[in-house]
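Step one of this worksheet: look at the structure below.
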Amino acid sequence: MSARNWLVTAFGLVCVAVLAVINIPDRIPKVDLVERASQFAAALQSDAPYRPPTVREGETALSGLIPLLTGGKDTQSELKTLTPLGFTLTSGIDSTSGRRFTMAATQPGDEQGWGLFIGDYGARTRQVIEVPHPNFDLNTEILGVQLYRALPGSAVLIAGAHRRAANGTADVAHNANSLFNLVATELARKGLPQVQLHGFEDSSLPGTDVVVSGGSTPHTRLHEQMADHVEAGGMAVCRAWQQSCGNLEGTTNVQGQAADSMGTVFAHIESDGSVRMDPQRRDRLVAALAAAITAGP
Ligand SMILES: [Zn+2]
């Protein structure tokens, strides 16, 4: 091959490579993660079967989920580990934030209803966002994904069964054997702060829109900042370290108890229906929590 032909061929190969790189985003599907999470939550039923993972299943699931939730890029390995456990893996770009994510989800209604987990592909993880009671604490999955959108480096954990399923065994906030709890504990062990989103009936604590609590962990500057920002956003706040908040403090929450034993931060956020059912108030709550988390400890 002459030098000129060689150069033309090399130039052609470089062009093909550049085009391939440029085209990659086109091949990754755009997904509206709020819509996806809402559909997932809506399909969870209180009479569905459920069982927690065996010790071995839990260990295997963790070996696939922890890399996925902490920015891992080896989706083939995660796929190989998680698929036999009933997970479906999706890689995509969130249509609103434009960030690339990897998601692993079990099928609603499966006995192995272990969750929907979203990781920020290739990003350093900074916080864990938890939704333990989807389709019971209505719209908390929307709050969770909105908070993920506001905070790059988020790992999102959404329970994969209705809290009342299997006589309440599926309540991941009160079952230490749940995969949700295993994952949350493993991420807390890495020192990551957790924000857990719940909902309460307006009548349970009239006059209060949002309860900010540390669960069984000591309250920190983050809790104070969250309460300050939420109040500045026009919502009435109950600060669990200052007053009694109608048994909505989450003191029996097992993720909080694990965080307490490890000395990591855990924020238990309850919002009432007037916040969760109103898109504008939801936005304000998310913006307030995100501002507090971004400000740091
Ligand atoms: Zn709840």
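The values are calculated or read from the model by the stated rules, or taken from the named source; none is laboratory data. These numbers come from a predicted model, not from an experiment. We place every Cβ from the backbone using ideal geometry, glycine too, and count neighbours over all the protein chains shown. To get the accessible areas, we keep the full protein, side chains included, count just its heavy atoms, and leave off ligands, DNA and RNA. Shrake-Rupley method; radii C 1.70, N 1.55, O 1.52, S 1.80 Å.
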Go through 264, 252 for me and flag whichever is within 13 Å of the ligand (Cβ to nearest atom), hydroxyl-bearing (Ser, Thr, Tyr) and closer than 28 Å to residue 177 by Cβ.
252
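Select from the range 267-281 the residues that are of a type outside the set (Gly, Ala, Ser) and within 16 Å of the ligand (Cβ to nearest atom) and write down the one among them that is most open to solvent (accessible area, probe 1.4 Å). It would help to see each step written out before you state the result.
Taking the range 267-281 as the starting set, the residues that turn out to be of a type outside the set (Gly, Ala, Ser) are 268-270, 272, 275-281.
Those still in the list that are within 16 Å of the ligand (Cβ to nearest atom) too: 268-270, 272, 275-277.
On the way: 268: 6, 269: 1, 270: 16, 272: 7, 275: 0, 276: 15, 277: 100 Å².
Ranking the candidates gives 277 first.
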Could you please find all residues in the range 111-126 being open to solvent by less than 10 Å² (accessible area, probe 1.4 Å), within 21 Å of residue 293 (Cα to Cα) and in contact (Cβ under 8 Å) with a residue 60 or more places away in the chain?
117, 118
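Do the conditions hold for residue 137, that is, is it assigned to a loop (DSSP other than H, G, I, E, B), within 16 Å of the ligand (Cβ to nearest atom) and modelled with pLDDT of 95 or more?
yes
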Among 195, 230, the single one that is more than 13 Å from the ligand (Cβ to nearest atom) and assigned to a helix (DSSP H, G or I) is 230
Residues within the range 92-134 that are in contact with a Lys or Arg (Cβ under 7 Å, 6 or more places away or on another chain) and among the small types (Gly, Ala, Ser), tallied:
4
Of the residues in the range 151-166, how many are away from the ligand (no atom under 12 Å from the Cβ) and either surrounded by fewer than 19 Cβ atoms within 10 Å (Cβ to Cβ) or part of a loop (DSSP other than H, G, I, E, B) (or both)?
5
Going through (1) closer than 24 Å to residue 69 by Cβ; (2) buried (at least 20 other Cβ atoms within 10 Å of the Cβ); (3) of a type outside the set (Lys, Arg); (4) within 14 Å of the ligand (Cβ to nearest atom) one by one, residue 217 fails only at (4)
